[in-house]
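Worksheet: one structure, shown below.
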Amino acid sequence: MNDTKSKPALPDRLSGDPSSPYHDAEIFEHTIGIRLSGKERTDVEEYCISEGWVKVASPKALDRRGQPLMIKLKGVVEAFYS
């Protein structure tokens, strides 16, 4: 098997925001899936497996910089490559 085609291991915590210290651009080259308490979510912005939460963007509320507010949802988090 060629090592250049293997996918990197998914970290315990990952963020889609490039300014976050938990962002890893190499992982986002592949499609990632997130399950929260057995239900697959497609709107996750950040997750933490060990603490059991995901952050999703609020549909309407914005912060003072115009970015969507993040809502933290708790449950059993599973990350996988699709």
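The values are calculated or read from the model by the stated rules, or taken from the named source; none is laboratory data. Bear in mind the structure is a predicted one, so any value in this text is a computation, not a measurement. Note that we place each Cβ from the backbone using ideal geometry, even for glycine, and neighbour counts take in every protein chain shown.
Quick check: is even one residue across the range 59-78 within 14 Å of the chain's Cα centre (by Cα), at pLDDT below 95 and among the polar types (S, T, N, Q)? No: zero hits. Note on the range 1-57: residues that are among the β-branched types (Val, Ile, Thr) and without any contact (Cβ under 8 Å) to a residue 12 or more places away in the chain total 2. When the range 1-60 is filtered for residues that are closer than 22 Å to VAL76 by Cβ, loosely packed, with under 10 Cβ neighbours inside 10 Å and among the β-branched types (Val, Ile, Thr), the ones remaining, listed by number, are THR31, THR42.
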